[in-house]
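See below for the structure under consideration.
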Protein chains: 2
Amino acid sequence: MQRYFLDAHPVDGLLTLPQDVAHHLTTVLRAQAGTKVEVVPSDHRAYLAEVVATTPQTTVKIIEPLGTDSELPVAVTLLCGLPKTKEKPELIVQKATELGARKVVFFESERSISHWAANKRARKLGRLQKIADSAAEQSHRNCQPQVEYYADLATALAAEPADFRVVAWEESAKQGETAALAQVLAKIKPGQSIAAVFGPEGGLTTGEVDQMTAAGVTPVGLGPRILRTETAPLYLMAAISYALELASSRK
Amino acid sequence: MQRYFLDAHPVDGLLTLPQDVAHHLTTVLRAQAGTKVEVVPSDHRAYLAEVVATTPQTTVKIIEPLGTDSELPVAVTLLCGLPKTKEKPELIVQKATELGARKVVFFESERSISHWAANKRARKLGRLQKIADSAAEQSHRNCQPQVEYYADLATALAAEPADFRVVAWEESAKQGETAALAQVLAKIKPGQSIAAVFGPEGGLTTGEVDQMTAAGVTPVGLGPRILRTETAPLYLMAAISYALELASSRK
């Protein structure tokens, strides 16, 4: 069933849909009075609702809470060195949203070849935010992840504190380091936060990694294979979900 | 360092490169006598080698075995219901290769909208195999995964036996089933094999899932979020790597 995020509180159980959502629901999906939809108002809870009017404005009535929460038990922020193509940030944002990320940050790493000119940042972020919003609806999330941009690593680290911070570091993998990520995921508690840093295509510089380890960020390996810049964050998201949502409930 | 797979055994420590590899090494990468490369001959072991001649044929000399093995401890076969776009099989093959899959199979599922005409299969498979081969080099695998195509699920299941077989089933996730995958990954031993089935965009039909459970395939949930057809196999690959390569070595 189609799910929509609505930046509003229901009034008397009724929600009036903004124009873009109303257009999608009534024109693209041809909804009529009586059509059921799922809505997530600003309380981040999912409700079953029903269209009660399509004119003059499209209005839905809350039927009941769905009682489902598809959010990861921990808040994950991905900090990605800006990749060189336009497609890679889009792929990272879409897939990380499906996999449960709470926030996706791009920063200009020392080896980033791309650069977002100041006058284009708002437009680029807006485009990525739309991808996140749409993927959050499709994957039936309870939150829309936030997309953010910082000019450099130091700014990104300062702006994104977290209970646990890790950096995916290829050299950790080469040295056969296999336990650091699992140790972090064994310690983290529901409600806590984790931030994870990833390099762009050429990888992070030794200077950037030193800067992070000095700031208490833990280098972690993601297995013995070399992952592309857009694959590593998705590996981490799946590993967090597996460790905290699937393996932890094994009887 | 560049890695090449070579379908040959060294003779007196020397390997003559096939024309496409020689072209890439000498023309694209401008290698000369003395340039170091990594090669994986038909023994699937990785060696450090050095260019000793570029004419009349490009020849490399084995220096020493690298002693690295980046293969997953278990052989993973992904069986994917054919997605409707050309891009999704390409993304699945590339990312699954990076993440360590041994074989990627596409089959026409009941809800597959695409169909590979018999006279186009070889060309389509050839293209996907090239993507796998190239991704295997980039991610420093010791094996090139094999890409295969079957007309339907029954043929795919019959052709791909495995020690453990699972199917990603959205209804399992909806019912809050969270332990099945972790139970399988706790049981599987190094050297064993696992095959995992995924639906196309519209999902598997109940009939297909019944057919599989009757054949002993275990339905597994991949967490509470709805994953797209191309994301679910990548989640599974990362979960297998995390469980068997990272979490198992936690001290």
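Working only within the range B:199-221, note down all residues that are in contact with an Asp or Glu (Cβ under 9 Å, 6 or more places away or on another chain) and within 14 Å of chain A (Cβ to nearest Cβ). Step through it out loud before you land on a result.
As a first pass, look at the range B:199-221 and keep what is in contact with an Asp or Glu (Cβ under 9 Å, 6 or more places away or on another chain): B:199-200, B:202-209, B:219-221.
Residues satisfying the conditions are B:202, B:203, B:219, B:220, B:221.
What strands (runs of 3 or more DSSP E), lying completely within the range A:154-222, carry at least 3 residues that are within 19 Å of the chain's Cα centre (by Cα) and buried (at least 18 other Cβ atoms within 10 Å of the Cβ)?
Answer list for the range A:154-222: A:164-168, A:193-198.
How about the range A:97-138: which of its residues are without any contact (Cβ under 8 Å) to a residue 40 or more places away in the chain, among the aliphatic types (A, V, I, L, M) and either touching a Lys or Arg at 6+ places or on another chain (Cβ under 8 Å) or part of a loop (DSSP other than H, G, I, E, B) (or both)?
Across the range A:97-138, the qualifying residue is only A:117.
Return the residues of the range B:93-126 that are surrounded by 14 or more Cβ atoms within 10 Å (Cβ to Cβ) and charged (D, E, K, R); say none if nothing qualifies.
B:95, B:98, B:102, B:103, B:108, B:110, B:111, B:124
Across the range A:223-251, what is the total count of residues that are at pLDDT below 95, part of a helix (DSSP H, G or I) and hydrophobic (A, V, I, L, M, F, W, C)?
The qualifying residues number 2.
Which residue is farthest from the other protein chains (Cβ to nearest Cβ), if the candidates are limited to the range B:57-80 and must be assigned to a strand (DSSP E or B) and in contact with a helix residue (DSSP H, G or I) (Cβ under 8 Å, 6 or more places away or on another chain)?
The qualifying residue farthest from the other protein chains (Cβ to nearest Cβ) is B:79.
Looking at residue A:139, is it more than 11 Å from chain B (Cβ to nearest Cβ), within 21 Å of the chain's Cα centre (by Cα) and not aliphatic (A, V, I, L, M)?
Taking the combined requirement at face value, the residue does not satisfy it.
Just to verify a result, which residue in the range A:223-251, among those that are more than 9 Å from chain B (Cβ to nearest Cβ) and of a type outside the set (A, V, I, L, M), is surrounded by the most Cβ atoms within 10 Å (Cβ to Cβ)?
A:233
For the range B:139-152, enumerate the residues that are touching a Phe, Trp or Tyr at 6+ places or on another chain (Cβ under 6 Å) and not in a loop (DSSP other than H, G, I, E, B).
B:149, B:150
State whether the residues of the range A:47-56 include one that is in a strand (DSSP E or B), assigned by TED's automatic domain parsing to the domain that holds residue A:232 and within 24 Å of the chain's Cα centre (by Cα).
no
If you check A:89, A:83, A:41, which single one turns out to be in contact (Cβ under 8 Å) with a residue 24 or more places away in the chain, buried (at least 17 other Cβ atoms within 10 Å of the Cβ) and under 30 Å from residue A:12 (Cα atoms)?
Testing whether each residue is in contact (Cβ under 8 Å) with a residue 24 or more places away in the chain, buried (at least 17 other Cβ atoms within 10 Å of the Cβ) and under 30 Å from residue A:12 (Cα atoms) leaves just A:41.
Residue by residue through the range B:68-114, note down the ones that are more than 18 Å from residue B:188 (Cα to Cα), under 11 Å from the mean Cα position of the chain (by Cα) and among the acidic types (Asp, Glu).
B:98 - this is the single residue of the range B:68-114 that is more than 18 Å from residue B:188 (Cα to Cα), under 11 Å from the mean Cα position of the chain (by Cα) and among the acidic types (Asp, Glu).
Within the range B:16-38, take every residue that is within 26 Å of the chain's Cα centre (by Cα) and in a strand (DSSP E or B) and give me the one that is surrounded by the most Cβ atoms within 10 Å (Cβ to Cβ).
Filtering first and then ranking leaves B:37.
From the list B:38, B:87, B:71, B:98, which residue is of a type in the set (D, E, K, R) and farther than 18 Å from residue B:141 by Cβ? Steps first, answer last, please.
Values: B:38 fails: farther than 18 Å from residue B:141 by Cβ; B:71 fails: farther than 18 Å from residue B:141 by Cβ; B:98 fails: farther than 18 Å from residue B:141 by Cβ.
Just one listed residue meets the conditions, B:87.
The values are calculated or read from the model by the stated rules, or taken from the named source; none is laboratory data. Treat the numbers as computed from the prediction; the structure is a model and nothing was measured. Note that each Cβ is placed from the backbone with ideal geometry, even for glycine, and that neighbours are counted across all protein chains shown.
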